[in-house]
Every structure is written in C-alpha cells, then in structure tokens.
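Here's the structure, in structure tokens; my notes come after.
The values are calculated or read from the model by the stated rules, or taken from the named source; none is laboratory data. These numbers come from a predicted model, not from an experiment. Positions of Cβ are backbone-derived with ideal geometry, glycine not excepted, and every protein chain shown enters the neighbour counts.
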Amino acid sequence: MTNNREQEALAAYLKLLKNKGVSEVSLKRREEILLQLFGLIETLECDGSTYRESVETLLEGIDKSEWPFSVAVAREYFHFWVQDFKFIAALSSDVGFDIDPIDWMPPEHDLQSLWERLDNEKFEVCETWPLKAYTLALRQEGAEQKLVDIRVKLVKLLLMRLRDAPDKTSKHYRIAVDATVPLFARKETRRLFFGIVREFYYFWIGDPEAAQHIVLATNPVSYV
C-alpha cells in the first residue's frame, strides 16, 4: 500500500494546481505519472539523490515522448514530497506558478541526423559567444582537447534544439534539455549530456561567474 506521505503530498500538489486552473485532464495525467513513481519512492528517505534515481528508473519504463512532461511533474511534486514550504509558497503565488510546464517542444529529429549536421552547421553570434566563453573556460581548467571537443559538440547539439524556442528563458532551456536527453540510448551518455548542459547554462545566460560551475570530474550526474 502506498505510504501516506506520498498520498498526502499528492493531494496537496493536485489541490494547488486545481485551484490555479489546471484542467482535470492534466491533473489526471499528472496523477497517473506520480502513482507509478510511488512504488519506487515510498520506502526512501526524503533525499534528492535517491529521488532522482527513482525518476530515472520510472522513465526507463515509459515512452520517451512522455519524458519531458513526466520529468516536469516529478520536479514539481518533489517539493511537496519533501515539504519544501518555501517553494510551495512561491508556486502558490502568481509569480511562481506556471500552469503549463511544457508550452513548446523542439522539432522531432533522430540523434544521427542531428549529429551529422553539427560539424557543418553555422551558428549565429548569439550562439557562438557563449560557446567560445565555455571553450576558453574549459581550457583554463586544464581540460584535454578531446574532452573539450565532445563537450562543445554536445552543447552545439542543444543550441540547435533551442533555435525554435519562443523565448530565451530558463524554462525553455530546461525543456530543450529534457527533450534531448531521450535521444541518447545509454544512461551514461544521458548523464554526461545533462551534466555538460547544466554547466553550460551559466555561459548561455551570460553569468560572469559561469566558469565556477565547470566540473571536469566524470562522476555520473542524474539527468532529472
């Protein structure tokens, strides 16, 4: 039987979303996703690392087209599960709430066709300046050329996916990442990609302290 902790968090989560105007169809879809997750988290301590690993396990069993929405729901629900009242208060406000976590998706492409385009693809100035800054920062951190090349290529892949985004926002960056992760067949590659684009995000937004977020260690990073 599902732990009361999970059910209470689910009830609070769905109630808030309903009060904010989320449709019954969307509420039901969220509930179905989370009920699948409960069997994986009901015996866990409220820990972010094990929660993310459980979400990864859940994703492996569902259609990859459902991954971006499922990840968005799992991320929202997590704060209710751990009773993050500060986040819940922000979500309750008009400023902190987004009724549709997936309002855009990059065009569908297979990884092979995207990969083949990368070497000859032309990038705009707004795309090349964060690329150059990221490349320089990697070299200053002592990264070998092979490592620089693979990281830059994966970042270029993401930039191509972002081109049709309606706005340059953290939300659409996250959607593009979540929609690209399923293209990789191996979990290790998904985690590598996620770790790279997470550190590149700070260059993409022009953070002057972006270099501080570079991590050259190869420890696996959850892609949730």
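Could you tell me which of the residues V148, V152, V177 is within 21 Å of W104 (Cβ to Cβ) and either modelled with pLDDT of 95 or more or small (G, A, S) (or both)? Can you show your working first?
Working: V148 fails: within 21 Å of W104 (Cβ to Cβ); V152 fails: within 21 Å of W104 (Cβ to Cβ).
On inspection, the qualifying residue turns out to be V177.
Hey, among the residues in region 89-102 that are aliphatic (A, V, I, L, M) and surrounded by 16 or more Cβ atoms within 10 Å (Cβ to Cβ), which one's modelled with the lowest pLDDT? Let's see the steps before the verdict.
Here is the first cut: in region 89-102, the residues aliphatic (A, V, I, L, M) are 89-91, 95, 99, 102.
Cutting the leftovers down to surrounded by 16 or more Cβ atoms within 10 Å (Cβ to Cβ) gives us 91, 102.
Values: L91: 81, I102: 92.
That would be L91.
Can you pull out every residue in region 43-79 that is of a type in the set (S, T, Y) and more than 19 Å from W104 (Cβ to Cβ)? Can you show your working first?
Filtering region 43-79 down to residues of a type in the set (S, T, Y) leaves 43, 49-51, 54, 57, 65, 70, 77.
Listed by number, the residues that qualify are T43, S49, T50, Y51, S54, T57, Y77.
I'd like to check which helices (runs of 4 or more DSSP H) are fully inside region 1-119 and have at least 3 residues that are touching an Asp or Glu at 6+ places or on another chain (Cβ under 7 Å), closer than 30 Å to R161 by Cα and touching a residue at least 12 places away in the same chain (Cβ under 8 Å).
67-81
Quick one: which of A137, A74 is outside the structural domain of F193 (by TED's automatic domain parsing), out of contact with any strand residue (DSSP E or B) (no Cβ under 6 Å at 6 or more places or on another chain), aliphatic (A, V, I, L, M) and at pLDDT 95 or above? Before the answer, list the steps.
Numbers: A137 fails: outside the structural domain of F193 (by TED's automatic domain parsing).
Sole residue among the options that is outside the structural domain of F193 (by TED's automatic domain parsing), out of contact with any strand residue (DSSP E or B) (no Cβ under 6 Å at 6 or more places or on another chain), aliphatic (A, V, I, L, M) and at pLDDT 95 or above: A74.
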